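Undergrad: Can you read through this structure? Questions will come right after.
The values are calculated or read from the model by the stated rules, or taken from the named source; none is laboratory data. What you see is a predicted model; the values in this text were computed from it and never measured. Neighbour counts run over all protein chains shown; Cβ positions are idealised from the backbone, glycine included. These area figures cover heavy atoms from the full protein model, side chains too; ligands, DNA and RNA do not enter into them. Shrake-Rupley method; radii C 1.70, N 1.55, O 1.52, S 1.80 Å.
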Amino acid sequence: MLHPPVTRRAWRTALVLVSSLAIACGDDPPPPTPDPPQVALTVPQGNVAGTSLKLIATIAGCEKVNTLNLYDRTTFLKAFPSGGGTTNFELLASDIPYANPLVGLAASLSLTAEVVCDDGRKNTSLPQPATFFPVSRANDDPQGLQVYAMPLAIDGSGSTATFLSCAKTTTGGIETMYRHNASGGAAGTLQAPTLCNASTVITPRNAQSGKRWVYTPGYGAFAIDRDFKMTARTPVDLEVNDLVVFPNGDALIRSVQGLIYRITHDTQDGLKIGVTRWEYQREISVGTPVGQLLIRGDGRVLFASHIEYSENRADIIVEELDGGTDSAGGTLQATHIIRQLFTSNTATPRPVGQFSSDGSILYLGFALPEDKSQVLACVANLEGCEGNASKWATGVLTGKVQQIATYANGSRVAAATTQRVWLLDSNTGTIRNRELRSVDANGALHVKYLLPANSLTNSSSDLFFLNAPAAQGSTATLPVELVGVDQTLGSSAEGRELFRYQVSVSMGAAFDDSGRLWMRTNQKLLELQTSSQYRSARP
């Protein structure tokens, strides 16, 4: 039944009286529950290639911290000591579970910090993203030089390595080459006599002459010795298309105009113009280069060309020259029509090409309609690339082939399309990609450089490639992504992506004298781990 207002007031008075009596009898109310502690996790650098990942935890609300636990998503990584307040700590490369499909190499992490007070209260931070790529050595450039990430060349190895690159010192000015090291000291400088950009090539150091050649397609070339001095350069009117080095250090050059030259790596000329030992000019029409020049083991020079005779007829030919320095040098020894090309009403397609290391095979990649390609292995000294003159032909590959390279001591062929890399058995043409799936550049990036380690005995089955944004007109772009391919030799071995690391600025990569791959990005010099180390982290 309803109670009048006076009665309700009487009930309230009685309840207050009962509560007061209870307190007077010693029945204390429970203490208020303490608030949970607070913890915030900070990742100072969200994208790191290094030996550890630096982190900061800020803790409040614990009289004493029992433990600070770090998690990647729901996976416990490591416990760290902390006295509360601000704690700086490092997650080591060995603390990360790379085999987790959500992590991989480079590690894509979602980190949270859990703080546990000594009274059992705990709380977890908001997740923080981080990318971490483990390397063996990470050094800041001691000279602080902001040089081009690519081109890059390395002398020596480990802590004694020195690094060659270039930079434009003034807007519109002439490029300067730099040689700097990872342990300090002034950088060496060399005024480059020609343009240096993202397309520039620095050849390996020649074992006999101790020199390297530096060239930019469409421009000149010059030789530098171990003391970082220029010892020879090409004539000022010679525009280099591609260049390889003779065993004694001389340069074999094909010009943009199609002429072939042998030029010495030193000179007595005060202008340092190298001596032209010989020059070869084809008597028939000038062709378009197919692949690079090759110096065979017997000293002969091989080069392939696409020669158009009409709008719908062309030949792929291989020419063989005497490469010596005597009176026979530069003379034509043989010509082989490797492939005759015919089309009905369009220009004949110009293939991408590459010789095997011994010059016995010419690999040709032809574009097909609908963004497809096919690769042929043709015997380089037989006509027609059919029957006995053909070693194999692949099926249809997705993408248009842009580059071909051999690796794994010649047992594998890498065919790179605009965005895909196909791995082929050099004996059969069989696709060696795992699950027959290409290894691709990320997103809209294009495959820029194939980096085979086929001349380096301690990592002969390794393959890496650098990816870059699409070129802007005639302006070359610098790489921003490095991909490593795991290809253990063997009849059942299949290539897979081993790691992938991407930066927001630019990067370059090159092998040192021991065969270890280094990477340069911004002002950091990074020695990668061996492929076997990466493989053990991602079995």
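Undergrad: Rounded to the nearest 10 degrees, what's the angle between the helix 5-24 long axis and the longest principal axis of the chain, both from Cα atoms, 0 to 90?
TA: Computed tilt is about 80 degrees.
Undergrad: No solvent, one uniform scatterer per C-alpha: report log10 I(q)/I(0) for the stretch 90-166 via the Debye equation at q = 0.15, 0.20, 0.23, 0.27 1/Å, two decimals.
TA: -0.80, -1.00, -1.09, -1.21
Undergrad: Sort the stretch 370-467 into rounded, prolate or oblate with this rule: let a ≥ b ≥ c be the square roots of the eigenvalues of the Cα gyration tensor; rounded if a/c is under 1.5, and if a/c is not under 1.5, prolate when a/b is larger than b/c, oblate otherwise.
TA: Verdict is oblate for the stretch 370-467.
Undergrad: Which one of 367, 331, 309 has its Cα pushed farthest toward the positive end of the charge dipole of the stretch 268-388, where Lys and Arg give +1 and Asp and Glu give -1 at the Cβ?
TA: Of 367, 331, 309, it is 367.
Undergrad: Same structure, new question: Assign unit charges at the C-beta atoms only (+1 for Lys and Arg, -1 for Asp and Glu), then state the dipole size of the stretch 228-353 relative to its Cα centre in Debye, rounded to the nearest 20.
TA: That gives the stretch 228-353 a dipole magnitude of about 260 debye.
Undergrad: Between residue 236 and residue 444, what is the label-point separation in nm under the 7 Å Cα-to-beta-carbon projection?
TA: Computed distance between label sites residue 444 and residue 236 equals 4.2 nm.
Undergrad: Mind putting a number on the dipole of the chain about its Cα centre? Charges go on the C-beta only, +1 for Lys and Arg and -1 for Asp and Glu, and I need it in Debye to the nearest 20.
TA: In total the dipole reaches around 1100 debye.
Undergrad: Probe of 1.4 angstrom, ligands and nucleic acids ignored: what's the accessible area per residue over the chain, in square angstrom?
TA: 47
Undergrad: A follow-up question, please. Any idea what diffusion coefficient the stretch 161-300 gets from Stokes-Einstein, in µm²/s, Kirkwood Rh on alpha carbon pairs, 25 °C, 0.890 mPa s?
TA: Working: Rh = 15.8 Å.
Answer, rounded: 155 µm²/s.
Undergrad: Related question: State the volume of the convex hull built on the alpha-carbon positions of the stretch 306-414, expressed per residue in Å³ and rounded to an integer. Walk me through the numbers on the way to the answer.
TA: Working: hull volume 13.2 nm³, N = 109.
Convex hull of Cα atoms, per residue: 121 Å³.
Undergrad: Checking the table 54/78; 54/524; 229/448; 54/122; 229/524; 168/448 against a 20 Å threshold on Cα-Cα, which pairs fail?
TA: Pairs exceeding the cut-off: 229/448; 54/122; 229/524; 168/448.
Undergrad: Here's something else I'd like to know. Hey, what do the phi angles of the stretch 413-422 turn into as Karplus ³J(HN,Hα) couplings, whole Hz, using 6.51/-1.76/1.60 and θ = phi - 60°, x for Gly and Pro?
TA: 10, 9, 10, 9, 8, 4, 10, 10, 10, 9
Undergrad: Pull out the extension gain between residue 368 and residue 145, defined as 0.36 nm times the separation in residues minus the alpha carbon to alpha carbon distance; nm, one decimal.
TA: That pair, residue 368 and residue 145, stretches by 75.8 nm at full extension.
Undergrad: Of 123, 422, 284, which is farthest on the positive side of the dipole of the chain, counting Cα position, with +1 on Lys and Arg Cβ, -1 on Asp and Glu Cβ, and the Cα centre as origin?
TA: It is 123, whose Cα lies furthest towards the positive end.
Undergrad: Might you report the magnitude of the Cβ-based charge dipole of the stretch 279-371 about its Cα centre, with Lys and Arg at +1 and Asp and Glu at -1, to the nearest 20 debye?
TA: 120
Undergrad: Helix-only mean residue ellipticity at 222 nm, the chain, DSSP H runs n ≥ 4 weighted -39,500 (n - 2.57), per residue, nearest 500. What is it?
TA: Result for the chain: -1500 deg cm²/dmol, rounded to the nearest 500.
Undergrad: Convert 37 °C to kelvin, take the viscosity as 0.692 mPa s, use the Kirkwood radius over C-alpha pairs of the chain as Rh, and evaluate the Stokes-Einstein diffusion coefficient in µm²/s, rounded to a whole number.
TA: Rounded, D is 121 µm²/s.
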